[in-house]
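Quick notes on the structure that follows.
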Amino acid sequence: MAEIDVTYDKDKARAFTQTMLGIMNGGALSLMMSIGHKTGLFDAMDGAEPASSTDIAEQSGLSERYVREWLSAMACGGVINYNSTTDQFQLPAEHAGLLTRRSGPLNLTVPMQQIGLLAEVEADIVEAFQSGGGVPYDKFPRFQALMSETSGNRFDRTLIDQIVPLLGINDQLTSGIDMADVGCGSGKALGILGSAYPNSRFVGFDVSEGGIAAARENSAGLDNVTFELCDAAQLDASDRFHVVTTFDAIHDQAHPMAVLEGVNRMLRSGGTYLCVEPKASSLLEENMQDPMAPFMYTVSTMHCMTVSLAYGGEGLGTAWGHQTATEYLTAAGFADIEITGVRDDRSNNYFLSKKP
Ligand SMILES: C[S@@+](CC[C@H](N)C(=O)[O-])C[C@H]1O[C@@H](n2cnc3c(N)ncnc32)[C@H](O)[C@@H]1O
């Protein structure tokens, strides 16, 4: 029988204490940084001279007492500089590029809002750990708006300049083709494509009433963009579209294979499917070095996996990985699968495939 190692390494314990404190402070700062985004404080401080909490509060139209406490947290967290002689605060230029609206998809305070969103369902998740099942979409009332902000920033930067060239469909879109986006959420991608390519026709599908309502509102005035409320596991169109996309919309499905088969059916022969999914391996050991892996598995447990399980689904999870995704795509009938990516979206794999 192997002996139990009873040695106690004090240095290891001290190092882990520091790690734990870092985690606790990181969690707290995430919430405060999300507040800094929502209140516009980071944007107000972007490029500004050092200023007092009173000036910053006044310029932002916010309560000074709250702003001062927030600035203190930011200063202690190393996010904002503090000069104790002048009692002034300044956002360093090197930090502003990751914290302000002008940074688009690089603005980390946007995905950071997920920490607060996930915290709202903590009690339901604990309950699911004990009794199984999952937490359904209606427990995440702010999800569509946050998703729209997160992916909207990315689509603004990548869709026309990077994704359309990747698909090689600029000429086809210009002449006029039929394109669908399944799990379209609030329809940001199709809104952008619809106004750029007026001769093409775009249809978005989603099961979320709130998502489809927001999508219709966002694309009001675009005659070539329509949205259908439906369960993507029951897509019944056949040979209708030249191109189909899914952005981050397969891994959290209850029945991902049924969706992929439906996507395959709705494509014309020779049509292209772009499946965008989180960049991950199906093997935990290959994700361990990914700096975003703890965040990814947390979002998976508290959103992507649980919403799938809530509807009796497979619960693939955010990190289902490129190996499993390739198996699913192949089993659904896709051929010539190429895994690629675009410059301004480092967190996703782009699976390009054809319907034979
Ligand atoms: C992670 S979000 C991605 C939304 C959008 N593609 C984007 O990138 O912003 C996944 C989307 O899939 C939708 N969805 C989940 N299950 C679905 C189903 N069975 N049928 C249709 N849509 C579904 C959700 O409502 C949600 O809008």
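Inspect the range 78-88 for any residue being assigned to a helix (DSSP H, G or I), at pLDDT 95 or above and of a type in the set (Phe, Trp, Tyr) and give the result as yes or no.
In the first step, residues of the range 78-88 are kept if they are assigned to a helix (DSSP H, G or I); the result is none.
No; the residues of the range 78-88 include none that is assigned to a helix (DSSP H, G or I), at pLDDT 95 or above and of a type in the set (Phe, Trp, Tyr).
If you go through the range 320-344 one residue at a time, how many are under 11 Å from GLU277 (Cα atoms) and out of contact with any strand residue (DSSP E or B) (no Cβ under 7 Å at 6 or more places or on another chain)?
Number satisfying all stated conditions: 2.
Restricting to the range 233-245, name every residue that is more than 11 Å from the ligand (Cβ to nearest atom) and either β-branched (Val, Ile, Thr) or not assigned by TED's automatic domain parsing to the domain that holds ALA280 (or both). Break it down stepwise before answering.
Start the filter on the range 233-245 by keeping residues that are more than 11 Å from the ligand (Cβ to nearest atom), which leaves 236-244.
Hits for the range 233-245 are VAL243, VAL244.
Restricting to the range 111-138, and then to whatever is in a helix (DSSP H, G or I) and of a type in the set (Asp, Glu), can you tell me which residue is farthest from the ligand (Cβ to nearest atom)? First the steps, then the outcome.
At the first step, the residues of the range 111-138 found to be in a helix (DSSP H, G or I) are 111-119, 122-131, 137-138.
So of that shortlist, the ones also of a type in the set (Asp, Glu) come out as 122, 124, 127, 138.
Working: GLU122: 20, ASP124: 18, GLU127: 22, ASP138: 11 Å.
The qualifying residue farthest from the ligand (Cβ to nearest atom) is GLU127.
Residues are listed down the side, and each one gets a yes or a no for (1) more than 20 Å from the chain's Cα centre (by Cα); (2) more than 13 Å from the ligand (Cβ to nearest atom); (3) surrounded by 18 or more Cβ atoms within 10 Å (Cβ to Cβ):
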| site | (1), (2), (3) |
| --- | --- |
| PHE247 | no, no, yes |
| GLY262 | yes, no, yes |
| LEU267 | yes, yes, yes |
| PRO294 | no, yes, no |
| CYS304 | no, no, yes |
| ASN349 | no, yes, yes |
| PRO356 | yes, yes, no |
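Give the residue, chosen from GLY191, GLY211, GLY183, that is out of contact with any strand residue (DSSP E or B) (no Cβ under 6 Å at 6 or more places or on another chain), crowded, with 18+ Cβ neighbours inside 10 Å, under 20 Å from SER308 (Cβ atoms) and in the same structural domain as THR246 (by TED's automatic domain parsing).
Numbers: GLY191 fails: under 20 Å from SER308 (Cβ atoms); GLY183 fails: out of contact with any strand residue (DSSP E or B) (no Cβ under 6 Å at 6 or more places or on another chain).
GLY211 is the lone residue from the list that is out of contact with any strand residue (DSSP E or B) (no Cβ under 6 Å at 6 or more places or on another chain), crowded, with 18+ Cβ neighbours inside 10 Å, under 20 Å from SER308 (Cβ atoms) and in the same structural domain as THR246 (by TED's automatic domain parsing).
Of the conditions (1) hydrophobic (A, V, I, L, M, F, W, C); (2) outside the structural domain of PHE143 (by TED's automatic domain parsing); (3) more than 19 Å from GLU149 (Cβ to Cβ), ILE125 clears all except one; give me its number.
(2)
Looking at the range 63-89 only, could you name the residues that are surrounded by 17 or more Cβ atoms within 10 Å (Cβ to Cβ) and among the hydrophobic types (A, V, I, L, M, F, W, C)?
VAL67, TRP70, LEU71, ALA73, MET74, VAL79, ILE80, PHE89
Looking only at helices (runs of 4 or more DSSP H) that lie completely in the range 139-232, which have at least 2 residues being among the small types (Gly, Ala, Ser) and within 16 Å of the ligand (Cβ to nearest atom)? Reasoning before the result, please.
Details: elements: 143-158, 164-167, 170-175, 188-196, 209-218.
The helices (runs of 4 or more DSSP H) meeting that bar are 143-158, 188-196, 209-218.
In the range 333-347, which residues are crowded, with 19+ Cβ neighbours inside 10 Å and either farther than 29 Å from PRO111 by Cβ or aromatic (Phe, Trp, Tyr) (or both)?
Selection gives PHE334 alone.
Return yes when THR318 is under 25 Å from GLU120 (Cβ atoms), buried (at least 20 other Cβ atoms within 10 Å of the Cβ), touching a Pro at 6+ places or on another chain (Cβ under 8 Å) and touching a residue at least 24 places away in the same chain (Cβ under 8 Å) and no when it is not. Outline the logic, then answer.
Numbers: under 25 Å from GLU120 (Cβ atoms): yes; buried (at least 20 other Cβ atoms within 10 Å of the Cβ): yes; touching a Pro at 6+ places or on another chain (Cβ under 8 Å): yes; touching a residue at least 24 places away in the same chain (Cβ under 8 Å): yes.
Against the criterion (under 25 Å from GLU120 (Cβ atoms), buried (at least 20 other Cβ atoms within 10 Å of the Cβ), touching a Pro at 6+ places or on another chain (Cβ under 8 Å) and touching a residue at least 24 places away in the same chain (Cβ under 8 Å)), THR318 qualifies.
The values are calculated or read from the model by the stated rules, or taken from the named source; none is laboratory data. Owing to the predicted nature of the structure, the values given are computational and were not obtained by experimental measurement. Ideal geometry is used to build each Cβ from the backbone, glycine not excepted, and the neighbour counts take in all protein chains shown.
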